[in-house]
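Worksheet: one structure, shown below.
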Amino acid sequence: MKLLKQSSIALCVQAALFSSAAVTTVAHAEEADKPTQLEVIEVTARKRVENAQEVPVAVSALQGENLDAISDAAMDIRFLNAKIPSLSVESSFGRTFPRFYMRGLGNSDFDLNASQPVSLVVDEVVQENPILKGFPVFDVERVEALRGPQGTLFGRNTPAGLIKFDSVKPSQDFDGFVSLSYGSKETSDLRAAVGGGLTDKLSARVSVLHQDRDDYIDNRAPGFEADDVTGGYTDKAARIQFLYEGDDFNALFNYHMRDLDGKPIVFYANAFKPGSNNLVSGFERDTAFLDSAERLTQDVETEGASLKLEFDYGEYTVTSITGWESAEIFSRGDVDGGYGVNFIGFQGPGEITISSETADAIPDHDQITQELRLTSNFDGNFNYQVGVFYFDEDLEIESYSYDALFTGGAQNGFVVQKQETTAWAVFGSFDYDISDETQVTLGLRYSDDEKDFSAERFQGPLAGCCGQPDTAYGEANPEDTHVSWDLSIVNKVTDDVNVYARVADSFRAPSIQGRSLFAFDDGISVADSETILSFETGFKADVMDGLGRVNASVFYFTMDDQQLTSVGGDSNTARLLNADETTGYGVEVDSEWVVTDNLIMTASISYNNTELDTDNTVPVCALCTVTDEVVDGRAVIDGNSLPHAPEWISVITARYSKEIGEGELYVYTDWSYRSEINYFLYEAKEFEGKDLLEGGLRVGYQWYAGDNEYDFAVFARNITDEQQAIGAVDFSNNTAIVNEERFVGAEFKVSFF
């Protein structure tokens with residue numbers, strides 16, 4: 001393990017690691033004052049409402065003011081990046097296609113058919129397609145991050161873990177809020193919700209979101225100069241819920257929709273200094289050099305509905321959850337990040353080896369899920385859950401290429417992919433209390449997964465120049481079955497301390513890649529199922545009479561046949577492959593402290609180490625400085641760590657409040673750190689992402705008047721205004737994706753009861 005450099009960033013990480021001891025000392029000094037205890041955090045990590053401290057799973061929860069503070073500034077779901085131990089989030093699509101990585105495991109594939117080993121579940125319905133995963137986060141009660149395999153209760157495609165969102169549910173109590181913020185780049189964020197009883201058994205809740213930012217990035221490509229051509233968006237979303245609560249029957253209906261009209265993330269060609277991961281001198285986020293800036297667009301529409309029925313039969317509860325989701329997208333971007341190309345003598349910035357303007361679309365998508373579950377409610381030592389699950393998805397993807405050099409963006413390539421996925425499973429989870437202090441849980445799940453896929457090229461962009469066949473057609477029909485299982489034991493050492501151990505097995509179903517646009521064959525590649533065996537142990541402790549909380553876990557896993565994507569390379573291709581074996585290990589620590597009546601702090605840190613054991617080689621970039629061994633133009637990746645897998649993630653938050661006048665003045669700050677990452681499977685000097693430290697600050701005043709609560713705050717994100725690359729496009733031009741600059745704004749919120 002590399003020693004951290006003694007920089008201010010390294011000291012921040014070390015401060016998080018040792019904050020438990022420091023804060024404990026302070027808390028003892030305040031013990032005589034007996035500050036307010038920490039609240040009990042309830043989670044549904046095992047599909048039951050349980051105290052997070054008693055669940056034998058490494059789970060972190062974000063809720064309340066902490067969640068609100070880090071998701072302000074019109075942020076999309078990427079606000080979760082490095083805010084939870086072992087979790088990172090990135091995207092090359094911007095607001096629409098987040099990619100999650102947990103304990104180093106993820107998928108950097110940018111294809112609209114890409115699967116991920118970190119599943120996303122929203123209001124108990126899995127969001128399988130990557131576009132569904134980008135749904136905005138608003139009026140959410142709690143976010144849970146379940147680390148490690150979750151295949152028994154949540155099924156396929158969860159070998160790394162699970163992110164779970166639970167919206168605020170309707171209730172008989174009337175309440176609601178309206179908040180409006182405005183800040184940098186003329187960015188506005190309007191959120192509102194209202195709910196209450198319609199009858200004595202029926203309640204409803206309506207939630208809305210409207211986020212807007214004007215285009216602010218100037219184009220300075222010669223002959224294409226224009227101000228404020230990209231960078232903006234209008235993102236609208238809504239959710240309506242109805243809850244019926246009878247004596248022994250509950251029903252919850254949820255409808256939600258999203259409409260995004262915006263621009264794709266901007267790529268900056270040759271933004272890296274050659275032989276370095278530093279940005280070139282004079283780099284500016286607000287200036288791009290593109291020959292297709294006026295044609296950039298990204299439009300997304302999603303909608304879905306779910307119906308949860310719950311029947312209470314005393315000793316048994318029967319639960320049915322039916323879900324439907326649909327997504328449409330059209331996204332057109334300047335992938336090379338520059339203008340022109342070298343062979344016509346007009347290019348920039350720097351050398352442009354390939355001109356690439358492409359679009360991807362989902363014109364048609366439907367996902368249907370059905371879960372039926374029987375849960376026991378016995379008073380004795382034994383309880384269980386058993387159920388069945390069904391998943392069906394129809395997906396159509398269109399890929400386009402355009403000629404930006406000679407015809408002003410006329411279409412010159414077109415491919416259609418179609419896929420139908422059918423999966424079903426039977427599962428059970430069985431809990432047995434060995435004693436009052438010790439409980440053991442066994443989980444089993446049998447899964448069957450089948451895909452029918454075809455890809456057809458109707459127009460080849462390389463047909464006129466390079467001998468590519470204009471048309472091509474191919475099919476793939478992978479299928480697999482798997483038995484996932486887990487065994488865990490938790491022991492209550494004292495009333496406040498639990499220790500646990502868990503071993504779990506899960507899988508990710510076969511994946512298909514249809515990169516047929518620039519291929520000379522049908523472009524189809526298939527990755528077999530990946531499987532994981534994970535070992536984990538840890539403790540969860542409430543300390544100092546409820547004034548502190550410390551949770552820690554250590555883990556080790558081996559993954560066989562990990563699905564990887566060879567992205568880009570100088571041939572601009574992307575193909576799936578299976579690594580022989582991947583190993584990983586690490587440690588995670590979460591802590592929360594009531595320091596005084598006025599000061600609450602949290603501190604967390606995680607360390608993750610991953611290593612590939614594989615004979616695979618992958619194509620490399622055209623202009624970068626590869627540091628791996630290269631054989632016949634391909635990099636040897638054996639022994640490399642996984643892409644977008646930081647070794648260290650650390651988070652510190654603090655909230656201080658003081659009563660002033662008729663209200664409360666508060667100051668909230670959060671700081672997150674993640675260490676260096678590799679952007680791709682191979683290693684290159686330009687494509688090693690630097691460590692990243694970002695901080696947020698919120699200063700506000702809350703007060704009550706009548707039945708309403710008011711909150712006015714000013715806030716800032718990335719307050720140090722650190723500017724650096726957080727991703728890249730590797731195939732030709734050392735193209736960078738850059739983080740958001742400092743954001744400053746103000747928010748007013750009124751809550752009514």
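Restricting to region 129-173, name every residue that is among the small types (Gly, Ala, Ser) and either closer than 24 Å to Glu536 by Cα or surrounded by fewer than 24 Cβ atoms within 10 Å (Cβ to Cβ) (or both).
Residues of region 129-173 that are among the small types (Gly, Ala, Ser), as a first pass: 134, 145, 148, 151, 155, 160-161, 167, 171.
Across region 129-173, the qualifying residues are Ala145, Gly148, Gly151, Gly155, Ala160, Gly161, Ser167, Ser171.
Here's a check for you: in region 153-169, which residue that is closer than 19 Å to Ser60 by Cα and of a type outside the set (A, V, I, L, M, F, W, C) is farthest from the chain's Cα centre (by Cα)?
Once the filter is applied, the top-ranked residue is Ser167.
Quick one: which strands (runs of 3 or more DSSP E) sit completely within region 208-278 and have at least 2 residues that are closer than 30 Å to Gly183 by Cβ and of a type in the set (Asp, Glu)? So that I can check it myself, show each step before the final result.
Values: elements: 217-219, 226-230, 233-245, 249-262.
Per the criteria, 226-230, 249-262.
Only one of (1) within 21 Å of Val89 (Cβ to Cβ); (2) touching a residue at least 60 places away in the same chain (Cβ under 8 Å); (3) surrounded by 17 or more Cβ atoms within 10 Å (Cβ to Cβ) is not met by Gln723, so which one is it?
Of the numbered conditions (1) within 21 Å of Val89 (Cβ to Cβ); (2) touching a residue at least 60 places away in the same chain (Cβ under 8 Å); (3) surrounded by 17 or more Cβ atoms within 10 Å (Cβ to Cβ), the odd one out for Gln723 is (3).
Which of the following residues is within 23 Å of Ile726 (Cα to Cα), hydroxyl-bearing (Ser, Thr, Tyr), buried (at least 22 other Cβ atoms within 10 Å of the Cβ) and at pLDDT 95 or above: Ser91, Ser86? Walk me through it before giving the result.
Numbers: Ser91 fails: at pLDDT 95 or above.
After ruling out the rest, the residue left standing is Ser86.
Right, Asn609: surrounded by fewer than 21 Cβ atoms within 10 Å (Cβ to Cβ) and either of a type in the set (D, E, K, R) or under 30 Å from Leu517 (Cβ atoms) (or both) or not? Walk me through it before giving the result.
Numbers: surrounded by fewer than 21 Cβ atoms within 10 Å (Cβ to Cβ): yes; either of a type in the set (D, E, K, R) or under 30 Å from Leu517 (Cβ atoms) (or both): no.
When the stated conditions are applied, Asn609 does not pass them.
Would you be able to tell me the number of residues in region 375-391 that are closer than 30 Å to Ile131 by Cα and loosely packed, with under 15 Cβ neighbours inside 10 Å?
Within region 375-391, the first condition is being closer than 30 Å to Ile131 by Cα, and the residues that meet it are 387-391.
Keeping just the survivors that are loosely packed, with under 15 Cβ neighbours inside 10 Å gives 388, 390.
Counting residues in region 375-391 that are closer than 30 Å to Ile131 by Cα and loosely packed, with under 15 Cβ neighbours inside 10 Å gives 2.
Would you confirm, using the coordinates I've provided, whether Leu309 is modelled with pLDDT of 95 or more and part of a loop (DSSP other than H, G, I, E, B)?
On the way: modelled with pLDDT of 95 or more: yes; part of a loop (DSSP other than H, G, I, E, B): no.
The answer is no for Leu309.
Among the residues of region 644-668, which ones are surrounded by fewer than 19 Cβ atoms within 10 Å (Cβ to Cβ) and under 25 Å from the mean Cα position of the chain (by Cα)?
Scanning region 644-668 gives a single hit, Ala654.
Considering region 109-154 alone, what residues qualify as being under 18 Å from Gly304 (Cβ atoms) and not hydrophobic (A, V, I, L, M, F, W, C)?
Correct list: Ser119, Asp123, Glu124, Gln127, Glu128, Asn129, Pro130, Lys133, Gly134, Pro136, Asp139.
Just to be sure I understand the filter: pairs with C-beta atoms under 7 Å, separated by 6 or more residues or on different chains, first member in region 439-464 and closer than 27 Å to Glu54 by Cα and in a strand (DSSP E or B), second member among the acidic types (Asp, Glu) and at pLDDT 95 or above. Which pairs pass?
Cβ pairs passing all conditions: Gln439/Asp431; Gln439/Asp433; Thr441/Asp431; Gly443/Asp486.
Kindly check whether there is at least one residue in region 638-646 that is of a type in the set (A, V, I, L, M, F, W, C) and part of a strand (DSSP E or B). Show your work before the answer.
To start, the set of residues in region 638-646 that are of a type in the set (A, V, I, L, M, F, W, C) comprises 642, 645.
Going one step further and asking which of them are part of a strand (DSSP E or B), we end up with none.
No: zero hits.
Name every residue in region 117-126 that is outside any strand (DSSP E or B) and either surrounded by fewer than 23 Cβ atoms within 10 Å (Cβ to Cβ) or at pLDDT below 95 (or both), in order of residue number.
Residues of region 117-126 that are outside any strand (DSSP E or B), as a first pass: 117, 123-124.
Answer for region 117-126, where residues must be outside any strand (DSSP E or B) and either surrounded by fewer than 23 Cβ atoms within 10 Å (Cβ to Cβ) or at pLDDT below 95 (or both): Asp123, Glu124.
Within the set of pairs 6+ apart or on separate chains, which have a first residue in region 186-206 that is closer than 12 Å to Phe174 by Cα, a second that is exposed (fewer than 15 other Cβ atoms within 10 Å of the Cβ), and C-beta atoms under 6 Å apart?
Going by the 6 Å Cβ cut-off, the qualifying pairs are Gly196/Phe174; Ala204/Leu198.
Go through the residues of region 337-345 one by one and say whether even a single one is surrounded by 23 or more Cβ atoms within 10 Å (Cβ to Cβ) and either within 28 Å of the chain's Cα centre (by Cα) or in a strand (DSSP E or B) (or both).
Residues of region 337-345 that are surrounded by 23 or more Cβ atoms within 10 Å (Cβ to Cβ), as a first pass: 337-339.
Adding the requirement that they be either within 28 Å of the chain's Cα centre (by Cα) or in a strand (DSSP E or B) (or both) leaves 337, 339.
For region 337-345, residues surrounded by 23 or more Cβ atoms within 10 Å (Cβ to Cβ) and either within 28 Å of the chain's Cα centre (by Cα) or in a strand (DSSP E or B) (or both): present.
The values are calculated or read from the model by the stated rules, or taken from the named source; none is laboratory data. In this text, all values refer to a predicted model and were calculated from it rather than measured experimentally. Cβ coordinates were reconstructed from backbone atoms using ideal geometry, including for glycine residues, and neighbour counts include every protein chain displayed.
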